[in-house]
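Undergrad: The structure that follows is given in the form of structure tokens.
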Amino acid sequence: MDMSVPEPVRHTAARAAAAAIAAARSAGGVQVLCFSAAGSTYAMGIAAIKEIIEYGTLTTIPLMPAFIRGVINLRGAVLPVIDLAARLGFEPAKPSRRTCIVIVELRHEDEVFDMGVVVDGVSEVLELGPEDLEPAPSFGANIRSDFIQSMARIRGRFVIVMRLEQVLSIEEVSHLARLTEPRA
């Protein structure tokens, strides 16, 4: 499966990352939720987060990619649940006592979608100042970095601040789900 990102998308992502860092710097910083997935610490902006719920029973959907864990019923709404570790190419998360689902709101064209994201655990919400943020590194043409909004310095180490709209891209998730459909 070709996981490379087309050139225009890479450039758009790089411009968006630079704009996000500039906005955070001019606004005095950004608030992020720190969480763990696949043995590493990551962060995501809190603006898209609606709530965090305990990991519970999921209804699995046949013929979906491994990173789509299934769906949950959240106050009468059916929400897809993505396993972040699997989505990033790691082994799927093994639910534990700390595992939770972060409910995020994503925009696609003129619609708003809610989606659950399985993470190994959440740790804290931090306010990051401009001095804590660095642009995403450039890895070259064939390596994906479009999901990185910025690199944050937290307690002396780098943490990836994710660009959720790329990691959980409705178009890409739908495309990957179609690839797993059986051929007639």
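Undergrad: Once fully extended, how much extra length lies between Ile53 and Val122, figured as 0.36 nm per residue of separation less the alpha-carbon to alpha-carbon distance?
TA: Here the answer is 23.8 nm.
Undergrad: Would you kindly derive the ³J(HN,Hα) couplings of segment 75-84 from the backbone phi angles with the Karplus curve 6.51 cos²θ - 1.76 cosθ + 1.60 (θ = phi - 60°), listing them in order in whole Hz, with x for Gly and Pro?
TA: Using θ = phi - 60°, the values come out as 6, x, 9, 8, 10, x, 10, 9, 7, 4 Hz.
Undergrad: If amide H atoms are built 1.01 Å from N in the plane of the peptide, which residues on other chains or at least 5 residues away come under 5 Å of the amide H of Ile148?
TA: Those qualifying (amide H under 5 Å, at least 5 residues apart or on another chain) are Arg163.
Undergrad: Now, a different point. Please turn the phi angles of segment 48-55 into ³J(HN,Hα) values with the Karplus equation 6.51 cos²θ - 1.76 cosθ + 1.60 (θ = phi - 60°), one per residue in order, whole Hz, x for glycine and proline.
TA: Here the 3J(HN,Hα) series is 8, 7, 8, 6, 10, 10, 5, 5 Hz.
Undergrad: Modelling each spin label as a point 7 Å along the Cα-to-Cβ direction, I'd like the Ser40/Asn73 distance in nm, to one decimal.
TA: In this crude label model, Ser40 to Asn73 measures out at 3.7 nm.
Every number in this text was worked out from the coordinates using simple rules, so none of it is lab data. Keep in mind the model is a prediction, meaning the values are calculated, not measured. Don't worry about glycine lacking a Cβ; one is built from the backbone with ideal geometry, like all the others, and counts go over all protein chains shown.
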